[in-house]
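The structure is given below, and queries will be raised subsequently.
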Amino acid sequence: MKLPSEVFGDVVVVHTPKEVHEDNADLLASFLTTLDQAKIVIDLDGTETLDSQGLEMLLDVQETLQGRDGQLKASTANHANRKILEITRLDEHLEVYSSVIDAVKSFA
């Protein structure tokens with residue numbers, strides 16, 4: 001899996017696909033955990049489907065990155081995705097920002 005991404009110093013921003021679900025969660029996790037950078041912002045703005053496997057994958061990637069002295073942070077202005085992260089309380093385990101810029105700046 002190859003996803004659009006941008007590098008800002010030691011932080012990489014990865015733009016997620018339209019769907020993050022059981023069919024591609026493992027591929028996405030593999031992509032995120034094999035990046036050279038361990039500080040990652042995952043941009044969920046373009047994601048329309050985010051299921052339980054996708055949410056679990058985010059937690060797994062966060063755990064893997066923390067083991068490498070890194071961190072996964074999320075960015076989304078998408079109201080539905082923010083609500084999913086709040087209802088599942090994933091936002092208590094993963095920092096969520098309204099913009100990619102704020103998420104990147106938070107690593108400073």
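What follows draws every value from the coordinates through simple rules; no lab data is involved. Just so you know, these numbers come straight off a predicted model, no measurement behind them. Neighbour counts run over all protein chains shown; Cβ positions are idealised from the backbone, glycine included.
At what distance in nm do the modelled label points of HIS79 and ASP26 sit from each other, each positioned 7 Å from its Cα along Cα→Cβ?
Placing both labels 7 Å beyond Cα along the Cβ direction yields 3.7 nm.
Quick check: the distance between the Cα centres of region 6-46 and region 57-77, to the nearest angstrom?
Region 6-46 and region 57-77 have Cα centres separated by 9 Å.
Taking DSSP loops as anything outside H, G, I, E and B, show the longest stretch in the chain free of trypsin sites (Lys or Arg not before Pro) there with at most 12 other beta carbons within 10 Å.
Within the chain, the longest run free of exposed trypsin sites (Lys or Arg not before Pro) spans 19-67.
Using the 10 angstrom Cβ neighbour count as an exposure proxy, how do ILE87, ILE101 rank, fewest first?
Ascending number of Cβ neighbours within 10 Å: ILE87, ILE101.
Considering the values (1) 30, 26, 24; (2) 58, 33, 22; (3) 56, 26, 20, which represents Cα extents along the principal axes in Å as calculated for the structure under consideration?
Recomputing Cα extents along the principal axes in Å here picks out (1).
Which ordering of THR34, THR16 is given by a fewest-first count of other beta-carbon atoms within 10 Å?
The fewest-first ordering by Cβ neighbours comes to THR34, THR16.
Which percent, nearest 5, of DSSP beta bridges in the chain are antiparallel?
About 20 percent, rounded to the nearest 5.
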